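Working notes for the structure below.
The values are calculated or read from the model by the stated rules, or taken from the named source; none is laboratory data. Note that the structure is a prediction, hence the values are computed from the model and not measured. No Cβ is skipped: glycine too gets one built from the backbone with ideal geometry, and neighbour counts run over all protein chains shown. Accessible surface areas use protein heavy atoms only, side chains included; no ligands, DNA or RNA. Shrake-Rupley method; radii C 1.70, N 1.55, O 1.52, S 1.80 Å.
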Amino acid sequence: MEPRILEKLSDRVASAHTALVLIDMQNDFCLRGFGADRAGRDVSAAAEIIPSVARLLAAARSGGVSIAHVGFLTLADHRSDSGPWLAQRRRSSFSSERLCMEGTDGAAFVAELSPTPGEWVVMKHRYSAFTGTGLDLLLRSRSIKTVVITGVSTNACIESTARAAFELDYYVCVPPECVASWDRRLHEATLANVNHRLGLTPPMDEILEVWNGHRSLKRVVTR
């Protein structure tokens, strides 16, 4: 029997079964004076999406959408490194093997997007938010069907998370205004790939319309 497909965006991102997933919105990846900036990466695009992600986060909170803050964490003394991982980190563009070291200010989430009580916080040691974490279990425990993925970097952690989510049978949405990369060409290529193979890349305003509409409906019902 053919499974039911959620064709409309309004059905896919309905608040009851959707999670907003914020990826690596941490000081080291987003702000000048921190790790990626010191490694020579242009972090301006990452900083520029903070207000958009904050708008989506506010709507998710008001609309009853589940929220997961996913951060990258490097453990001291190479406790989270493997040979293949460290080799690639050392040859990656504008990167450092010491990004988001445990216990440092660089590993903290940017102030505007700090988690609040009741929101999931998941720390990872690789690109994908699902690799070696409990994210999948948390989402399934709340019967989540759709993940709206935001954060950085589009061509690395966002793409890895989107691929993993799709292959775990989640609907995937990546609003272009809410993801960023230091390389615009790689950013656009990833968005094209997501839209072609993994999910949807709807404008943020279309998602906001659904979530804000749900908030208005809740107010009517509870009066």
**Request:** Determine the order of H125, H78, H196 by accessible area, beginning with the largest, at a probe radius of 1.4 Å.
**Result:** H196, H78, H125
**Item:** Segments 176-185, 2-11 sorted - mean Cβ within 10 Å per residue, highest first
**Value:** 176-185, 2-11
**Asked** Label-point separation (nm) for R142 and D81, each offset 7 Å from Cα along Cα-to-Cβ?
**Response** 3.5 nm
**Request:** With the Cα gyration tensor of the chain in hand, convert its eigenvalues to equivalent ellipsoid semi-axes via √(5λ) and list them largest first in whole Å.
**Result:** 29, 18, 17
**Prompt:** Tilt of helix 184-193 relative to the longest C-alpha principal axis of the chain, in degrees (0 to 90, nearest 10)?
**Reply:** 40 degrees
**Request:** Report ³J(HN,Hα) in whole Hz for each residue of the stretch 138-151, in order, from the Karplus equation J = 6.51 cos²θ - 1.76 cosθ + 1.60 where θ = phi - 60°; Gly and Pro get x.
**Result:** 4, 5, 5, 5, 10, 6, 6, 10, 10, 10, 9, 9, 9, x
**Asked** For the stretch 100-214, what does the alpha-carbon gyration tensor say about shape, rounded, prolate or oblate, given a ≥ b ≥ c as the root eigenvalues, a/c under 1.5 as rounded, and a/b over b/c as prolate?
**Response** rounded
**Complete:** The long-range amide H neighbours of W120, using H built 1.01 Å from N in the peptide plane and a cut-off of under 5 Å, are I67, H69
**Request:** Send over the per residue convex hull volume for the stretch 1-119, Cα only, as a whole number of Å³.
**Result:** 174 Å³
**Item:** Fraction in percent of alpha-carbon pairs per bin - 10 Å, the stretch 59-137
**Value:** 16, 44, 29, 10, 1
**Prompt:** Excluding ligands, DNA and RNA, what is the solvent-accessible area per residue of the stretch 17-157 at a probe of 1.4 Å, expressed in Å²?
**Reply:** 42 Å²
**Request:** Tally the DSSP beta bridges in the chain and give the antiparallel ones as a percent, rounded to 5.
**Result:** 5 percent
**Request:** Mind checking which of G106, L200, S95 is farthest towards the positive end of the stretch 65-223's charge dipole, using Cβ charges of +1 (Lys, Arg) and -1 (Asp, Glu) about the Cα centre?
**Result:** L200
**Asked** Can you run phi through the Karplus equation (6.51, -1.76, 1.60; θ = phi - 60°) for the stretch 93-101 and list ³J(HN,Hα) in whole Hz, with x for Gly and Pro?
**Response** 5, 6, 10, 7, 6, 10, 6, 6, 5
**Fill in**
If one compares the long axis through the Cα atoms of helix 50-63 with the longest principal axis of the Cα atoms of the chain, the angle in degrees, nearest 10, works out at 40 degrees
**Complete:** Expressed in nanometres to one decimal, the distance between label points 7 Å along Cα→Cβ at E97 and E177 is 4.1 nm
**Prompt:** Counting Lys and Arg as +1 and Asp and Glu as -1, each charge on the Cβ, what is the dipole of the chain about the Cα centre in debye, to the nearest 20?
**Reply:** 360 debye
**Request:** Take each of the peptides 110-121, 56-67, 141-152, 33-44, average the number of other beta-carbon atoms within 10 Å over its residues, and list them starting from the highest.
**Result:** 141-152, 56-67, 33-44, 110-121
**Asked** Can you give the FRET efficiency for I5 and H196, using 1/(1 + (r/R0)^6), R0 = 22 Å, r = Cβ-Cβ distance, to the nearest 0.05?
**Response** 0.80
**Asked** Charges only on Cβ, +1 for Lys and Arg, -1 for Asp and Glu: so what's the dipole of the stretch 44-97 about the Cα centre, in debye to the nearest 20?
**Response** 100 debye
**Complete:** Probe 1.4 Å, all chains present, heavy atoms only: M123 accessible area in Å², nearest 10, is 70 Å²
**Message:** Please report Rg (one decimal) and Dmax (integer) in Å for the Cα set of the stretch 48-91.
**Reply:** 16.8, 44
**Request:** Could you work out how far helix 204-222 tilts from the main Cα principal axis of the chain, as a 0 to 90 degree angle to the nearest 10?
**Result:** 50 degrees
